[in-house]
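For reference, the structure discussed in these notes is given below.
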Amino acid sequence: MIRFLKYFLLTIIAIGVLGVASVAGLYLYVKDELPSVDTLQDVRFQTPMQVYTADGRLMSQFGEQRRIPLTLDEIPQQMIDAILATEDSRFYSHRGVDPIGVMRAFRVLVSTGEIREGASTITMQLARNFFLTRERAWMRKIKEAFIALHIEQLLSKEEILELYLNKLELGHRAFGVGAAAQVYYGRDIHQLTLAEIATLAGMPQGPSILNPISNPAASVQRRRIVLTRMLDEGYITRDQFEAAALAPVTARYHTAELELNAPYLAEMVRQEMIERFGVDEAYNGGYKVFTTVNSEVQLAAENALRDNLHAYDERHGYRGPEMRLWGVDPEQYFQAQSRRVQQLPDEHTLATMIELGGQPWPDGEIITYLQRQPRFGRLQHAVVMDVGEQSVTVMLRSGSRTTIEWENLDWARAYIDAERQGRAPQTAGDILNAGDHIIVRPFDEAYRLAQMPAPSSAIVALNPNNGSLQSIVGGYSFNHSQFNRATQAKRQVGSTIKPFIYAAALDHNFTLATLVNDAPITQWNPGSGSAWRPRNSPEVYDGPIRLREALARSKNVVSVRLIRELGVNETADYIERFGFLPNDVQRNESLSLGAASFTPLEMARGFAVFANGGYLVTPHFIDRIEDSDGNIVFQASPIYACARCAAEEAGVEFSNDDDVNAAILSEWSQAPQVIPEQVAYLVAEALQSAIWGGGSWAHQTGWNGTGWRAQSLRNRNLAGKTGTTNDVRDTWFVGFTRGTVAATWVGFDNLEFALGRSSLNSNLGRQRQPIVGSEAGATTALPGWVRYMETALQHVDSPAFELPENMVSVRIDQPSGKLTNRNDHTSMFEYFIRGTEPTDFADSTRRTPEIFEDEERLF
């Protein structure tokens, strides 16, 4: 017996030694292939980049993975219990490898001959998730075990569990339980029910096959297993188990919860971040980018642009429904559509589908059809189900039905061409029929008949004192076109070029009272055998006219005469001071009529020079960038137009002491001064007249400038200029106060669309026409600017423009621009740079001029 025990003990020792030697041998064999686990002490999860407004609203998210890193304290205990019960119930009692689990897996292997149980602990899974693959192979399992042992020596159990819960891959690009709660349920992880927690806890072993969205039946079975393990471990009661096991599947895919949709700005940020950090780091570094844009102002720009385009479209008539469904066989339609990659079938294909009966579609087919339609902005697709006398009932993509009343239908006169519409409809049947696929948009808590607007548009606004972007919208819908017209579309600027020409004149001894002959011009070109005849629009000529009135009323021939007097090259050089590229500034007389092409952002930057006293600021849209730990890695340092602006930004009191101001600007760079502040002030004054008009000596009545519609804003400190190109393809309004400058453009994207020669298989492509008839900058672009400014002005200060030094105000005679002492309708006060004021009297009996050096207004 003693000998038996001796041999048994020696056998045990030998097996132990052999086991230890085997383990040591295996370790030495794979040692060089094992990664260092030290990196786990300073893990940087791949976290998507998030883009925020200046007031902290999330507007976009970019990245391969969706992840919301959480500390263990931020994860509900019930989620931790569910994971431990399902994945590793002995987590706190082993050192990375669970011997009991290993023996169980070995027993299954011996009995079945297959690897059915992996015996992986949470620590081993963490090792695999960070350093290895999911390959089911013994060598991978051996490496996994050794790495797990290293991890347990390096990290605490709490640290291991926290890393595991944040690293888990849970399908639909969700990594970690925090992101999964948002992706599947659209809620914070603390708001999940037990059934939802159990669903997520059951997914780590198969995020695809156990997915509650793509495979709800398998997900329910897996959920029951998780709940059973929680019940066995004593984490939940029998009643909790029963309630959660019977709960319905509520998971559905949720995109990132954006608080503001500003895709054109978000795309600008994405491109800037890639330039700074590279693609991988930008997408996965967890950066938070805070822009300079206020969410309310940005939303106002978006709404103003869309409402303005719809107003234009409604003025020009209804191009008809997208398609007539009744009479088309739905099965044949869907087959044809799938063959054409979600394009509408052509006319021949449609003709073969027509049934004589014209039967309505079943509701289910209608919903399927509507859900396959692309979504652009606020537009929604609908199908007309019933036509009343002056209303229609439509079905929306959700399957719900709503009624469109007459006040939201009666605009739809039939489109004939760009200048003509059909007769006004009297009944809903004059417009639509049952079965029509139409487009609607939300309008005053109801729905309004709509269509995709034919023209495009852009709005961009910036702070004239430091160049920070205040809003930007590059088109009607980013889904429809990613082309950012605010920053990429160089369009002819028309009459909005004139303030720059007038600035050149005022900087070369012209004054706002200088008379220029407003009379037709004819220039014969012997080479071409034709004459160039620039014309006013409208073709009204007033003879000698003061520069203030000529600019306010946008007199074309006056601009031509000015550029001739100044010289084309000299004028072009002066215009380049406003930040425009030399290649974009033509050096011929057509420059006077706005033949040059600039982007809306370039125009806003150029007009900012008039708003800030002559300084060229640099536009920027990122205020700061924070890393995943909240550290600021970039803070914008804009250049400022004035010491007062820099003082306000720095939060210090502005002083009139030059030394104090110099100290302020030593920390905040000053923008270059490109024109004298006196010239900037005079142009701003004249552009205020473009909105508020002035007195008329000829008719004893006032005259309006081209921007008079902006008077509805009731702000006397507004200034701005309309612009319309000769072919009326581009319309503009650029306006400003001391606190904001905004440019609005409305036009067509290309000549094919403008001439109606688009090859697009849609009413929109076939019917596009130039902006003609009564449309112009004042009627097409300006209303959108006004809509935007109704909100924007509430967020900026708009004090009066400060009168610079070396300026005087004198009473002049309106017809002649000379001095006068008369105080009737023939006279007015005008501002001059000291030394340029008139010295002659219009009435020789009056010899003592009235000169004012204060800030008395002109009107």
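Search segment 393-435 for residues being in a helix (DSSP H, G or I) and hydrophobic (A, V, I, L, M, F, W, C), and hand back the single one that is surrounded by the fewest Cβ atoms within 10 Å (Cβ to Cβ).
Initially, segment 393-435 is screened for residues in a helix (DSSP H, G or I), giving 406-408, 428-430.
Next cut, hydrophobic (A, V, I, L, M, F, W, C) only: 406, 428.
Numbers: TRP406: 14, ALA428: 24.
Selected residue: TRP406.
Okay, residues lined up against (1) modelled with pLDDT of 90 or more; (2) closer than 30 Å to SER295 by Cβ:
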position: TRP785; (1), (2): yes, yes
position: TYR788; (1), (2): yes, yes
position: LEU793; (1), (2): yes, yes
position: VAL808; (1), (2): yes, no
position: ARG811; (1), (2): yes, no
position: THR826; (1), (2): no, no
position: GLU837; (1), (2): yes, no
position: GLU850; (1), (2): no, no
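Kindly indicate which of SER214, SER219 is of a type in the set (Gly, Ala, Ser) and in contact with a Pro (Cβ under 8 Å, 6 or more places away or on another chain).
On the way: SER214 fails: in contact with a Pro (Cβ under 8 Å, 6 or more places away or on another chain).
Selected residue: SER219, the only one of SER214, SER219 that is of a type in the set (Gly, Ala, Ser) and in contact with a Pro (Cβ under 8 Å, 6 or more places away or on another chain).
Quick one: count up the residues across segment 567-583 that are open to solvent by less than 30 Å² (accessible area, probe 1.4 Å), over 19 Å from VAL741 (Cβ atoms) and not in a loop (DSSP other than H, G, I, E, B). Steps first, please.
In the first step, residues of segment 567-583 are kept if they are open to solvent by less than 30 Å² (accessible area, probe 1.4 Å); the result is 567, 571-572, 574-575, 578-580.
Add one more test, that the residue is over 19 Å from VAL741 (Cβ atoms), and what stays is 567, 571-572, 574.
Filter once more, keeping what is not in a loop (DSSP other than H, G, I, E, B): 571-572, 574.
Total satisfying the criteria: 3.
Only one of GLY96, GLY19, GLY56 is of a type outside the set (Lys, Arg), part of a loop (DSSP other than H, G, I, E, B), more than 24 Å from ARG173 (Cα to Cα) and modelled with pLDDT under 80. Can you tell me which?
Numbers: GLY19 fails: part of a loop (DSSP other than H, G, I, E, B); GLY56 fails: modelled with pLDDT under 80.
Testing whether each residue is of a type outside the set (Lys, Arg), part of a loop (DSSP other than H, G, I, E, B), more than 24 Å from ARG173 (Cα to Cα) and modelled with pLDDT under 80 leaves just GLY96.
Is there a residue being crowded, with 22+ Cβ neighbours inside 10 Å and either small (Gly, Ala, Ser) or at pLDDT below 95 (or both) anywhere in segment 613-624?
Checking segment 613-624: at least one residue is crowded, with 22+ Cβ neighbours inside 10 Å and either small (Gly, Ala, Ser) or at pLDDT below 95 (or both).
Each row is one residue, and each column tells you yes or no for (1) modelled with pLDDT under 75; (2) not in a helix (DSSP H, G or I).
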position: PHE130; (1), (2): yes, no
position: THR133; (1), (2): yes, yes
position: MET139; (1), (2): yes, no
position: GLU144; (1), (2): yes, no
position: ILE147; (1), (2): yes, no
position: GLU158; (1), (2): no, no
position: LEU161; (1), (2): no, no
position: TYR164; (1), (2): no, no
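Please identify the pairs in which a residue from segment 250-271 that is closer than 13 Å to GLN182 by Cα and open to solvent by less than 90 Å² (accessible area, probe 1.4 Å) has its Cβ atom under 8 Å from the Cβ atom of a residue that is aliphatic (A, V, I, L, M) and assigned to a loop (DSSP other than H, G, I, E, B), counting only partners at least 6 apart or on another chain.
As it stands, the answer is ALA251/ILE213, since those pairs meet every condition given.
Checking LEU210 against (1) open to solvent by less than 70 Å² (accessible area, probe 1.4 Å); (2) assigned to a helix (DSSP H, G or I): exactly one of these is not met. Which one?
(2)
Over 20 Å from LEU84 (Cβ atoms) and open to solvent by less than 60 Å² (accessible area, probe 1.4 Å): is that true of LEU200 in this structure? First the steps, then the outcome.
Values: over 20 Å from LEU84 (Cβ atoms): no; open to solvent by less than 60 Å² (accessible area, probe 1.4 Å): yes.
For LEU200, the condition - over 20 Å from LEU84 (Cβ atoms) and open to solvent by less than 60 Å² (accessible area, probe 1.4 Å) - is not met.
Restricting attention to segment 214-233, which residues are open to solvent by less than 60 Å² (accessible area, probe 1.4 Å) and either touching a Cys at 6+ places or on another chain (Cβ under 6 Å) or in a loop (DSSP other than H, G, I, E, B) (or both)?
Listed by number, the list holds a single entry, ASN215.
Can you confirm whether segment 173-185 contains a residue that is surrounded by 22 or more Cβ atoms within 10 Å (Cβ to Cβ), touching a helix residue (DSSP H, G or I) at 6+ places or on another chain (Cβ under 7 Å), part of a loop (DSSP other than H, G, I, E, B) and of a type in the set (A, V, I, L, M, F, W, C)?
Taking every residue of segment 173-185 in turn, none turns out to be surrounded by 22 or more Cβ atoms within 10 Å (Cβ to Cβ), touching a helix residue (DSSP H, G or I) at 6+ places or on another chain (Cβ under 7 Å), part of a loop (DSSP other than H, G, I, E, B) and of a type in the set (A, V, I, L, M, F, W, C).
Which number in (1) crowded, with 20+ Cβ neighbours inside 10 Å; (2) touching a helix residue (DSSP H, G or I) at 6+ places or on another chain (Cβ under 9 Å) marks the one condition that ASN536 misses?
ASN536 satisfies every listed condition except (1).
If you check PRO534, PRO453, which single one turns out to be free of Cβ contacts under 8 Å to residues at least 60 places away in the same chain and part of a loop (DSSP other than H, G, I, E, B)? Step through it out loud before you land on a result.
Details: PRO453 fails: free of Cβ contacts under 8 Å to residues at least 60 places away in the same chain.
None of the other options fit; the residue is PRO534.
Between ASP313, ASP307, ASP232, which is in contact with a strand residue (DSSP E or B) (Cβ under 9 Å, 6 or more places away or on another chain), of a type in the set (Asp, Glu) and touching a residue at least 24 places away in the same chain (Cβ under 8 Å)?
None of the others qualify; the one that does is ASP313.
The values are calculated or read from the model by the stated rules, or taken from the named source; none is laboratory data. In this text the structure is predicted, and so the values were computed from the model without any measurement. Every residue, glycine as well, gets a Cβ built from its backbone with ideal geometry; the counts of neighbours run over all protein chains shown. To get the accessible areas, we keep the full protein, side chains included, count just its heavy atoms, and leave off ligands, DNA and RNA. Shrake-Rupley method; radii C 1.70, N 1.55, O 1.52, S 1.80 Å.
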